[in-house]
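The structure under discussion appears below in the form of structure tokens.
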Amino acid sequence: MSVEASVTITGNLLDAGISDLWAKSVSQKHARILQRIGAHHIINAETDAGKRVGHLVAGNYLDYIEIDGPYNVVKIHTPLYAVGRNIEDVQVHDKYGVTVVGIKAPRQGIPVRFQGTDHASQR
């Protein structure tokens, strides 16, 4: 699909009142145009894949996913300084600004149980 057709279709869908529109761009210039006319989410698979590969090759990452803005999900091996230590004692958030969203335990490990809070969801 051409850039012109993409922009025209995106504009028409926005005029029709689509409230959550995803559009695919073929370049940064195309992405800027889609953003200016009001597309809510813009995907550029080639650029996103290039960034991901760059992080995987240059970093110590097993996997890397960019979520939104400054937020990323990164899969790494446990750093040596953390091996055998309690996650609270390692203080990754205080020291590095990192939030741990998951820990993969060995299959024979202790099952992890969620604890309720005042904000627990009913869904």
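The values are calculated or read from the model by the stated rules, or taken from the named source; none is laboratory data. The structure displayed is predicted, hence computed values, not measured ones. Cβ: placed from backbone, ideal geometry, glycine included. Neighbour counts: every protein chain shown.
On inspection, ALA45 does not qualify as surrounded by fewer than 11 Cβ atoms within 10 Å (Cβ to Cβ) and either of a type in the set (Val, Ile, Thr) or more than 24 Å from TYR71 (Cα to Cα) (or both). LEU62 falls short on exactly one of the conditions (1) farther than 30 Å from GLN28 by Cα; (2) among the hydrophobic types (A, V, I, L, M, F, W, C); (3) modelled with pLDDT of 80 or more; (4) over 14 Å from the mean Cα position of the chain (by Cα), and that condition is (1). Note on the range 35-53: residues that are touching a helix residue (DSSP H, G or I) at 6+ places or on another chain (Cβ under 6 Å) and among the aliphatic types (A, V, I, L, M) total 3. Picking from residues in the range 72-123 that are of a type in the set (Val, Ile, Thr) and in contact with a strand residue (DSSP E or B) (Cβ under 6 Å, 6 or more places away or on another chain), the one that is modelled with the highest pLDDT is VAL73.
Contact annotation: residue pairs with Cβ atoms under 7 Å, 6 or more positions apart or on different chains, pairing a residue in the range 65-88 that is loosely packed, with under 11 Cβ neighbours inside 10 Å with a partner that is outside any loop (DSSP other than H, G, I, E, B), are ILE67/VAL73.
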